[in-house]
Amino acid sequence: MDRSSIAALVSPYRRRPGMTEFGAAAPAGGSVGLKGIVAGGITGGIEICITYPTEYVKTQLQLDEKGAGKKYNGIFDCVKKTVQQRGFLGLYRGLSVLVYGSIPKSAARFGAFEFLKSKSVDSRGQLSNSGKLLCGLGAGVCEAIVAVTPMETIKVKFINDQRSANPKFKGFAHGVGQIVKTEGISGVYKGLTATILKQGSNQAIRFFVLESLKDLYKGEDHNKPVPKLVVGAFGAIAGAASVFGNTPLDVVKTRMQGLEASKYKNTAHCALMILKNEGPAAFYKGTVPRLGRVCLDVAITFMIYDSFMDLFNKVWL
């Protein structure tokens, strides 16, 4: 057998550019990103239906200013008064807004992260610490622009509307129509800067913590599977880290998206007015309900997402 014949037999097994040290071809960024979009969208829809009441309470407390207009004395008082006035389903006021928004939000987040990750990993398929932060940051900025800002603005306005004696929004379509009619299309993009800052830092912290904990669990065996309950525990830790890291930005974002946002000139002015009128502690309003919601949210999200990605990697080639 001559040399060319031997080469022809061996060539299919030669390492091709882009193959990892384990012999598997690196997935194309577009394919991985598309899987992330689909898995993320499904995950977002399931997750928000589970965790919405805590989001509702958090937003109510963040909108509650000091003085004569103060309505609630804490988490339980907010829940109690809401149920007394609106019934149990009052805690789900505005859910439709988040269901419509959570699917594209989660799809954008995970799709962007998977795509950026596929372009940033080293020859072993690993992300550096700076890579984890930057991919998470990119995912957060993407979801802020594509879905989070309009979704959050509408949600906050709906919840804020319920606080008035005579709510004017009769439903999702009517409420959005009224907002656009009154404020124009820019009315659903209030607080864009604050939202980009919040979501960018949120996802940078969460993905960094989660990916780092996964790497720590795997040790030297990068192919070692991480049990879903462990992924959930890591997600809860990542969620807690993001809460303590950026709740001040979340408070500013909420105020910028409320029905009284017109009294603020911009994001910086809003932050300055909160500090001047209510003190530094106001930047951590709603931390406890947000902590409970986010830890549960992130834990559930990463568990569901990992499960769907495992499934897709088996059946979606």
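A compact table of results
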| quantity | calculated |
| --- | --- |
| Within the chain: Cβ-based charge dipole about Cα centre, in debye rounded to nearest 20 (Lys, Arg +1; Asp, Glu -1) | 760 debye |
| In the range 40-146, the trypsin sites (Lys or Arg not before Pro) that fall in loop regions by DSSP, at most 16 other Cβ within 10 Å | LYS66, LYS70, LYS71, ARG124 |
| Taking the chain and dividing mean pair separation by its residue count, relative contact order in percent (alpha carbons under 8 Å, at least six apart) | 22 percent |
| For the chain, the longest site-free run once chymotrypsin sites (Phe, Trp or Tyr not before Pro) in DSSP loop states with at most 14 other Cβ atoms within 10 Å are removed | 23-315 |
| Residue-count net charge about VAL79 - beta-carbon cut-off 14 Å; Lys, Arg +1, Asp, Glu -1 | +4 |
| P(r) of the chain over all Cα-Cα pairs, binned every 20 Å from zero, in whole percent | 31, 51, 15, 3, 0 |
| Accessible area per residue in Å² at 1.4 Å probe, computed on the chain | 48 Å² |
| Fraction of accessible area attributable to carbon and sulfur, the chain (%, probe 1.4 Å) | 64 percent |
| For the chain, calculated [θ]222 nm from helices alone, where every DSSP H run of n ≥ 4 adds -39500 (n - 2.57) | -24000 deg cm²/dmol |
| Check: the range 161-284 dipole with +1 on Lys, Arg Cβ and -1 on Asp, Glu Cβ, in debye | 440 debye |
| Calculated FRET value between PHE244 and GLN178, using beta carbons and R₀ = 35 Å, to 0.05 | 0.45 |
| Unit charges at the beta carbon, dipole of the chain: most positive-side option, ILE274, MET303, LEU216 | ILE274 |
| Rounded D (µm²/s) - the range 190-285, Kirkwood Rh over Cα pairs, Stokes-Einstein at 25 °C, 0.890 mPa s | 163 µm²/s |
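The values are calculated or read from the model by the stated rules, or taken from the named source; none is laboratory data. Model, not experiment: these values are computed from the prediction. Cβ sites come from the backbone with ideal geometry, for glycine too, and all protein chains shown count toward neighbours. We work out accessible area using only protein heavy atoms, side chains counted, and drop any ligands, DNA or RNA first. Shrake-Rupley method; radii C 1.70, N 1.55, O 1.52, S 1.80 Å.
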